[in-house]
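What follows is a structure written as structure tokens; I'll ask about it next.
The values are calculated or read from the model by the stated rules, or taken from the named source; none is laboratory data. Because the structure is predicted, anything quoted here is derived from the model rather than measured. Cβ coordinates were reconstructed from backbone atoms using ideal geometry, including for glycine residues, and neighbour counts include every protein chain displayed. All accessible areas refer to the heavy atoms of the entire protein, side chains included, with ligands and DNA or RNA removed. Shrake-Rupley method; radii C 1.70, N 1.55, O 1.52, S 1.80 Å.
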Amino acid sequence: MIRIAVTPEEIHPSEPGFIAMILNRGWDYVHLRHPGASLSDMKHLIDSIPQTLHRKIRIHGHFEMLASYNIGGIHLNRRCPAAPSTYNGNLSRSCHSYQEIQSITDSHTDYVTLSPVFDSLSKSGYRSQFSLEEMAAQNKILHSSVNIKVIGLGGVTPENAKSLISAGFDGFAVLGYLMSAPDLEVLSYRLDEFDQISN
């Protein structure tokens, strides 16, 4: 089961500490979103994260940083829909329908995020368009026809993450529930909650 944390749009002063704690607790990746951040802002953020953890970071933009950092991969989305022509590293992408997933033809995509699987905690009015039954049926079809892991994103909490696993997802990605923690102590408690369903 793949566990991913996703940062909010704005860089928070506590973010490097949050990222270090999440990754040191065994989560697979942290995705750095930050669509409005400058290249300088992103470099400062990555420099504030221990180098030993950089391989567990995926970036959603400013792909020119790949030449300077040992980053764990890139994530494609509507804002940055294509990888650099010379890139052959780990690749993931955002999808918002099963049709999008089925249309992926390259063999370099190791997983996709499908969102929103539940009503978003961080985006007001961003509501799920899927039922658990539909997702379970579609995931079963995908696993028999497409060799891509599907990660559920959007409104994921410890209470509903188990249902994603039951519905055939290969893991989950969490944004609002983790990143809205007011401090490291609360973040640690919330990570404990996810540990209880992962074991």
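Identify the single condition in (1) modelled with pLDDT under 95; (2) within 15 Å of the chain's Cα centre (by Cα); (3) not acidic (D, E) that G171 does not satisfy, given that it satisfies every other one.
Answer for G171: the failing condition is (1).
Of the residues I19, I4, I71, only one is in a loop (DSSP other than H, G, I, E, B), open to solvent by less than 30 Å² (accessible area, probe 1.4 Å) and not hydroxyl-bearing (S, T, Y); which? Break it down stepwise before answering.
Values: I19 fails: in a loop (DSSP other than H, G, I, E, B); I4 fails: in a loop (DSSP other than H, G, I, E, B).
Selected residue: I71, the only one of I19, I4, I71 that is in a loop (DSSP other than H, G, I, E, B), open to solvent by less than 30 Å² (accessible area, probe 1.4 Å) and not hydroxyl-bearing (S, T, Y).
Mind checking which residues of the stretch 50-64 are surrounded by 16 or more Cβ atoms within 10 Å (Cβ to Cβ), under 16 Å from the mean Cα position of the chain (by Cα) and not aliphatic (A, V, I, L, M)?
Result: K56, R58, H60, G61.
Hey, among T113, T109, which residue is touching a residue at least 24 places away in the same chain (Cβ under 8 Å) and in contact with a Ser or Thr (Cβ under 6 Å, 6 or more places away or on another chain)? Working first, answer last.
On the way: T109 fails: in contact with a Ser or Thr (Cβ under 6 Å, 6 or more places away or on another chain).
After applying the criteria, what remains is T113.
So which helices (runs of 4 or more DSSP H) stay within the stretch 120-199 end to end and still have 1 or more residues that are under 21 Å from D110 (Cβ atoms) and of a type in the set (S, T, Y)?
On the way: elements: 132-145, 158-166, 176-179, 184-198.
Output list reads 132-145, 184-198.
While we're here: I'd like to check something: does the stretch 92-104 contain any residue that is in a loop (DSSP other than H, G, I, E, B), polar (S, T, N, Q), under 17 Å from the mean Cα position of the chain (by Cα) and surrounded by 16 or more Cβ atoms within 10 Å (Cβ to Cβ)? Can you show your working first?
Within the stretch 92-104, the subset in a loop (DSSP other than H, G, I, E, B) is 96-97, 103-104.
So of that shortlist, the ones also polar (S, T, N, Q) come out as 97, 103.
This time we only want the ones that are under 17 Å from the mean Cα position of the chain (by Cα), so: 97.
From what is left, the residues that are surrounded by 16 or more Cβ atoms within 10 Å (Cβ to Cβ) are none.
No, there is no match, as no residue in the stretch 92-104 is in a loop (DSSP other than H, G, I, E, B), polar (S, T, N, Q), under 17 Å from the mean Cα position of the chain (by Cα) and surrounded by 16 or more Cβ atoms within 10 Å (Cβ to Cβ).
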